[in-house]
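Okay, structure first, notes after.
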Amino acid sequence: MKILITAPSLEVNENVSGISSVVRQIIEHSGFEFYHFRAGRRDGEKANAAWLPRQILSVPRFYRAIVREKIDLVHVNTALTPLSIVRDAAFVRMARLAKRPVVLHLHGGRFLAQDFDNRFLANTAAKMLGSANIIIVLSELEKSIIKKRQPNLNVKVLENAVEIKVAPSQRPSNDEKTIIFLGRLHESKGLFDIIEACRTLKSENFDFRFNCFGAGDLKNQFVAEMTAILGDRFYYGGVISGAAKEKALNEADIFLLPSRYGEGLPMAMLEAMAAGCVVVASEMASVGSVIETGENGFMIEPGNVSQLTKRLRSLLSGEENEESLSIKARATIAEKYDLNHYIQKLEKIYTDIK
């Protein structure tokens with residue numbers, strides 16, 4: 001079976017998208033043949049006057065690729081955000097015109113959990129969802145949300161997954177904690193909340209390191225403000241992958257993701273838990289299906305800087321049993337989010353649709 005699969009650039013130095021991470025894993029580990037159709041902006045690419053015509057022209061290119069490559073099945077990865085909905089609805093329509101079955105894979109987005117505030121977007125999303133043979137979501141919660149809107153959809157749950165690496169022989173010492181952020185440097189990730197929390201903790205004389213990895217439109221501002229607060233205890237390492245990312249996670253104590261909106265089931269969060277980091281993440285979408293506060297990590301309210309600061313304060317002061325949290329975080333990934341099981345489930349979805 002030959003599958004056309006959409007995603008932004010799969011080059012790590014061009015895109016830190018969670019969708020790209022998922023698709024890279026699928027292509028590398030599945031036994032099926034894939035044709036990658038690039039859809040989505042590279043990090044730092046602006047939606048300007050030159051960008052819009054390329055999006056319009058991508059629709060006929062998409063149709064031609066299906067026919068030219070003799071595609072058997074189309075796998076569209078999307079997020080329920082305005083630009084993605086409009087583009088990917090057109091892709092789904094092209095696949096149906098070419099009489100190919102469609103798997104529509106949802107990866108978060110503002111309008112996954114929030115009601116639409118625009119009738120055109122709501123109608124376009126509904127038509128896109130209704131045209132797919134199978135819709136993949138990241139948790140039972142997401143399935144219930146989608147089915148409540150459109151009860152007749154064929155929705156399957158497939159949680160994101162990661163490779164389980166050998167456990168590090170020794171976690172970092174407790175003398176000076178290291179907090180890590182790994183992902184897109186965008187306001188949706190709660191970057192300004194991180195700045196305010198770190199400013200408060202520094203004023204309270206907490207000693208900690210903060211390592212940041214990723215790219216995005218707020219990179220310069222975030223790096224400048226965090227450096228002003230923490231000095232040489234803040235480190236920005238750009239985009240990392242492979243062994244470098246594994247090393248960075250193994251050396252960290254706390255993984256921070258206080259997103260304000262748009263999360264699905266973050267790959268970076270799963271990777272951090274697999275490495276034994278204690279996660280502090282916003283409660284939204286499918287995050288709550290992974291994190292059990294006080295057991296394997298902590299959830300906070302999106303946008304609640306006071307709550308974020310309080311949670312970090314308790315971790316930095318040693319009030320929490322970090323060793324137990326770390327062990328249970330890793331066990332959660334090994335038991336429920338293993339990549340081998342993920343690939344088996346996905347391949348069954350592919351074969352069942354045929």
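The values are calculated or read from the model by the stated rules, or taken from the named source; none is laboratory data. These numbers were taken from a predicted model, which means no experiment stands behind them. Because the Cβ atoms are built from the backbone with ideal geometry, glycine has one as well, and the counts that use them run over all protein chains shown. Ligands, DNA and RNA are stripped out before the accessible areas are found, and what is left, the full protein with its side chains, is counted by its heavy atoms. Shrake-Rupley method; radii C 1.70, N 1.55, O 1.52, S 1.80 Å.
Worth pointing out:
- Looking across segment 112-121, just one residue is under 18 Å from residue 136 (Cα atoms) and open to solvent by 10 Å² or more (accessible area, probe 1.4 Å), and that is 113.
- Considering segment 235-258, and only residues there that are open to solvent by 20 Å² or more (accessible area, probe 1.4 Å) and over 18 Å from the mean Cα position of the chain (by Cα), the residue that is modelled with the lowest pLDDT turns out to be 243.
- Only one entry of 194, 179, 136 meets the criterion of being crowded, with 17+ Cβ neighbours inside 10 Å and in a helix (DSSP H, G or I), and that entry is 194.
- The residue that is least open to solvent (accessible area, probe 1.4 Å), counting only those in segment 305-339 that are without any contact (Cβ under 8 Å) to a residue 24 or more places away in the chain and out of contact with any Lys or Arg (no Cβ under 9 Å at 6 or more places or on another chain), is 314.
- Restricting attention to segment 201-228, the residues that are surrounded by fewer than 18 Cβ atoms within 10 Å (Cβ to Cβ) and in a helix (DSSP H, G or I) add up to 8.
- One residue stands out in segment 95-111 among those that are among the charged types (D, E, K, R) and touching a strand residue (DSSP E or B) at 6+ places or on another chain (Cβ under 9 Å): the one that is least open to solvent (accessible area, probe 1.4 Å), namely 100.
- Residue 311, sole failed condition from (1) assigned to a loop (DSSP other than H, G, I, E, B); (2) touching a Phe, Trp or Tyr at 6+ places or on another chain (Cβ under 7 Å): (1)
- First in segment 75-91 and touching a residue at least 12 places away in the same chain (Cβ under 8 Å), second anywhere and of a type in the set (Asp, Glu) and assigned to a helix (DSSP H, G or I), Cβ under 6 Å, 6 or more apart: 76/88; 78/88
- Filter result for the condition that a residue is modelled with pLDDT of 90 or more, among the hydroxyl-bearing types (Ser, Thr, Tyr) and surrounded by fewer than 21 Cβ atoms within 10 Å (Cβ to Cβ), over 30, 9: 30
- Residues (at pLDDT 95 or above and either assigned to a strand (DSSP E or B) or open to solvent by 10 Å² or more (accessible area, probe 1.4 Å) (or both)) located in segment 276-289: 278, 279, 280, 281, 282
- Hey, residue 342 among the aromatic types (Phe, Trp, Tyr), open to solvent by less than 30 Å² (accessible area, probe 1.4 Å), out of contact with any Phe, Trp or Tyr (no Cβ under 8 Å at 6 or more places or on another chain) and in a helix (DSSP H, G or I) or not: yes
- Members of segment 49-94 that are over 13 Å from residue 128 (Cα atoms) and open to solvent by 80 Å² or more (accessible area, probe 1.4 Å): 49, 52, 54, 56, 57, 61, 63, 64, 68, 70, 83
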